[in-house]
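Please read through the structure below; I'll follow up with questions.
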Amino acid sequence: MYDCIIIGSGCAGAVTANILAQKGKKVLVIEKRSHIGGNCYDEKEEHGILVHKYGPHIFHTNSRKVYDYLSRYTSWYDYRHEVEGYIHGQYIPVPFNLNSLKLVYGEEKAAALTEKLIREYGEGTKVPILQLRENEDPDIRAIAEYVYQNIFLKYTMKQWGQKPEEIDPAVTGRVPVLISYDNRYFQDAYQGMPADGYTLMFEHMLADENIDVLTGTDALGLLDFTGEKILYQGKEFEGSVIYTGPIDELFGCCFGRLPYRSLRFASEYYEIDSWQPKAVINYTVSEEYTRITEFKKLTGQQCDGTVIMREYPMSYMAQPGQIPYYAIINEENNRLYEKYRQQAGKYSNLYLLGRLAEYKYYNIDAIVEKAMEMAERIGEE
């Protein structure tokens, strides 16, 4: 009955299903949650304010191909993401830039430091603090130390549950300072938020007569990956299976569970017009949470009142309601992932796609592009 079965209806699953359906393939999408859209899912809460249930998702890309593809299914709210850190009682643009420099050091000293930075590295450049730390000028090295101590260190400790000595020096070294007055978090050519939300965009993608969607359904209750062939409802399935879920769970965690970081969200409604100066504020030196998102500033929604969401990082223990968000990438975990990848490789018609199936991080645009390429390839088979 079906040419393709796709497990998961987030960015990876929805895009793949959409393109395969357009190529005439009959597609079944199986989604464990009660809704489509994966972690990009958004909905209106009880006061009518659109919120991202699983934390803020901001679209940005330099790919015209990806932007044009998604634009078939949504119009855009012209949003340019700016983030500030709440640091010792003041809001400072992050990543750290020349505007941040003025707020930290004052106009006069910042002017002298700006001149040094531009002379040394050129205006508009992005310089890792590792480079700044190696500079002979003590003033430039001091900037790197400030960024490390006040923007990177505690935030990273909270986000990843690490002690300072456990943080990879290579990761530390990549933390950038922008020799620029541009406060945008991303410098991509195309940026914005789906005008009516991500969920509606995915609904448009999946509204095809060649696509059937099952929500609230555990795919492993319909498919079997324990034998030499993939079985669907007890019979061999010869079509393509695209899996976007946790790869360890696909095989019953037979080699052990892959480690992730998870998040806990706490949302609050206030009958005020504005809670904070930007859509996202990072708490880099204080508080247990890492950031607060104010959604109406993210989506451009005009409404009374406001909803904020605090994010608390935590270890992923595979408890009910917990969601694996960020793969913990290191050599040991990569070796464990490789065992699962090889197990998946025994099935010639099984394709792994996305953060959880590939145990790696993807921005929205990157996974959309990967899904487009995979669907084109499978569609030609």
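The values are calculated or read from the model by the stated rules, or taken from the named source; none is laboratory data. What you are looking at is a predicted structure, and each value in this text was computed from that prediction instead of being measured. Note that each Cβ is placed from the backbone with ideal geometry, even for glycine, and that neighbours are counted across all protein chains shown.
Looking only at segment 269-286, decide whether some residue is closer than 16 Å to PRO313 by Cβ, among the basic types (Lys, Arg), at pLDDT 95 or above and crowded, with 16+ Cβ neighbours inside 10 Å.
No - not one qualifying residue is present in segment 269-286.
How many residues does segment 240-268 contain that are among the small types (Gly, Ala, Ser) and either at pLDDT below 95 or part of a loop (DSSP other than H, G, I, E, B) (or both)? Step through it out loud before you land on a result.
Applying the first criterion (among the small types (Gly, Ala, Ser)) to segment 240-268 yields 240, 245, 252, 256, 262, 266-267.
Within this subset, residues satisfying the condition of being either at pLDDT below 95 or part of a loop (DSSP other than H, G, I, E, B) (or both) are 245, 252, 256.
Selection size over segment 240-268: 3.
Quick grid of which residues meet (1) closer than 30 Å to PHE295 by Cα; (2) modelled with pLDDT of 95 or more; (3) not hydrophobic (A, V, I, L, M, F, W, C):
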residue: HIS81; (1), (2), (3): yes, yes, yes
residue: TYR121; (1), (2), (3): no, yes, yes
residue: VAL127; (1), (2), (3): no, no, no
residue: LYS154; (1), (2), (3): yes, no, yes
residue: GLY173; (1), (2), (3): no, no, yes
residue: TYR181; (1), (2), (3): yes, yes, yes
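Kindly indicate whether any position in segment 326-342 is under 26 Å from VAL241 (Cα atoms) and part of a strand (DSSP E or B).
yes
Keeping to segment 287-296, report how many residues are buried (at least 18 other Cβ atoms within 10 Å of the Cβ) and within 16 Å of GLY85 (Cβ to Cβ). Write out each step before concluding.
So in segment 287-296, the residues buried (at least 18 other Cβ atoms within 10 Å of the Cβ) come out as 289-296.
Filter again for within 16 Å of GLY85 (Cβ to Cβ), leaving 289-294.
The total comes to 6.
A follow-up question, please. For segment 36-45, which positions are surrounded by fewer than 15 Cβ atoms within 10 Å (Cβ to Cβ) and either within 19 Å of the chain's Cα centre (by Cα) or without any contact (Cβ under 8 Å) to a residue 60 or more places away in the chain (or both)?
If we filter segment 36-45 for residues that are surrounded by fewer than 15 Cβ atoms within 10 Å (Cβ to Cβ), which is where we start, we get 43-45.
Answer for segment 36-45, where residues must be surrounded by fewer than 15 Cβ atoms within 10 Å (Cβ to Cβ) and either within 19 Å of the chain's Cα centre (by Cα) or without any contact (Cβ under 8 Å) to a residue 60 or more places away in the chain (or both): GLU43, LYS44.
Let me confirm something: among TYR347, TYR326, which residue is under 28 Å from ILE167 (Cα atoms) and either hydroxyl-bearing (Ser, Thr, Tyr) or without any contact (Cβ under 8 Å) to a residue 12 or more places away in the chain (or both)? Don't jump to the end; show me each part of the working.
Numbers: TYR347 fails: under 28 Å from ILE167 (Cα atoms).
Result of the check over TYR347, TYR326: TYR326.
Can you tell me which residues in segment 319-328 are surrounded by 15 or more Cβ atoms within 10 Å (Cβ to Cβ) and over 16 Å from CYS40 (Cβ atoms)?
GLN322, ALA327, ILE328
Scanning for something in contact (Cβ under 8 Å) with a residue 24 or more places away in the chain and of a type in the set (Asp, Glu), does segment 60-81 turn up at least one residue?
yes
Return the total of residues in segment 348-380 being aromatic (Phe, Trp, Tyr), at negative phi, buried (at least 16 other Cβ atoms within 10 Å of the Cβ) and assigned to a loop (DSSP other than H, G, I, E, B). Please lay out each step first, then the result.
Step one: of segment 348-380, the residues aromatic (Phe, Trp, Tyr) are 351, 359, 361-362.
Going one step further and asking which of them are at negative phi, we end up with 351, 361-362.
Now restrict to residues that are buried (at least 16 other Cβ atoms within 10 Å of the Cβ): 351, 362.
If we keep only those that are assigned to a loop (DSSP other than H, G, I, E, B) too, we end up with 362.
Number satisfying all stated conditions: 1.
For the structure I just gave you, tell me whether MET205 is under 28 Å from ASP365 (Cβ atoms), among the aliphatic types (A, V, I, L, M) and touching a Pro at 6+ places or on another chain (Cβ under 6 Å).
Numbers: under 28 Å from ASP365 (Cβ atoms): yes; among the aliphatic types (A, V, I, L, M): yes; touching a Pro at 6+ places or on another chain (Cβ under 6 Å): no.
Answer is no for this residue.
Is there a residue in segment 87-99 that is within 25 Å of TYR326 (Cα to Cα), out of contact with any Pro (no Cβ under 9 Å at 6 or more places or on another chain) and either assigned by TED's automatic domain parsing to the domain that holds ARG264 or among the charged types (D, E, K, R) (or both)?
Looking through segment 87-99, none of the residues is within 25 Å of TYR326 (Cα to Cα), out of contact with any Pro (no Cβ under 9 Å at 6 or more places or on another chain) and either assigned by TED's automatic domain parsing to the domain that holds ARG264 or among the charged types (D, E, K, R) (or both).
Let me ask something else about it. Within segment 126-169, take every residue that is in a helix (DSSP H, G or I), among the charged types (D, E, K, R) and free of Cβ contacts under 8 Å to residues at least 60 places away in the same chain and give me the one that is surrounded by the most Cβ atoms within 10 Å (Cβ to Cβ).
Step one: filter segment 126-169 for residues in a helix (DSSP H, G or I), giving 129-133, 138-160, 164-166, 169.
Right, trim to among the charged types (D, E, K, R) and you get 133, 139, 141, 145, 154, 158, 165-166.
Now drop any that are not free of Cβ contacts under 8 Å to residues at least 60 places away in the same chain, which leaves 133, 139, 141, 145, 165-166.
Numbers: ARG133: 17, ASP139: 13, ARG141: 15, GLU145: 13, GLU165: 5, GLU166: 10.
Selected residue: ARG133.
Which members of segment 65-114 meet the condition of being in a helix (DSSP H, G or I), under 28 Å from LYS370 (Cα atoms) and among the basic types (Lys, Arg)? Walk me through it before giving the result.
From segment 65-114, those in a helix (DSSP H, G or I) are 65-70, 98-105, 107-114; that's our starting set.
Those left that are additionally under 28 Å from LYS370 (Cα atoms): 65-70.
Selection gives LYS65 alone.
Take the residues in segment 96-105 that are in contact (Cβ under 8 Å) with a residue 60 or more places away in the chain and buried (at least 20 other Cβ atoms within 10 Å of the Cβ), then tell me which one is farthest from ILE281 (Cα to Cα). I'd like the intermediate steps shown before the answer.
Step one: list which residues in segment 96-105 are in contact (Cβ under 8 Å) with a residue 60 or more places away in the chain, which gives 96-99.
Going one step further and asking which of them are buried (at least 20 other Cβ atoms within 10 Å of the Cβ), we end up with 96-98.
Numbers: PHE96: 14, ASN97: 16, LEU98: 18 Å.
Applying the filter and picking the extreme gives LEU98.
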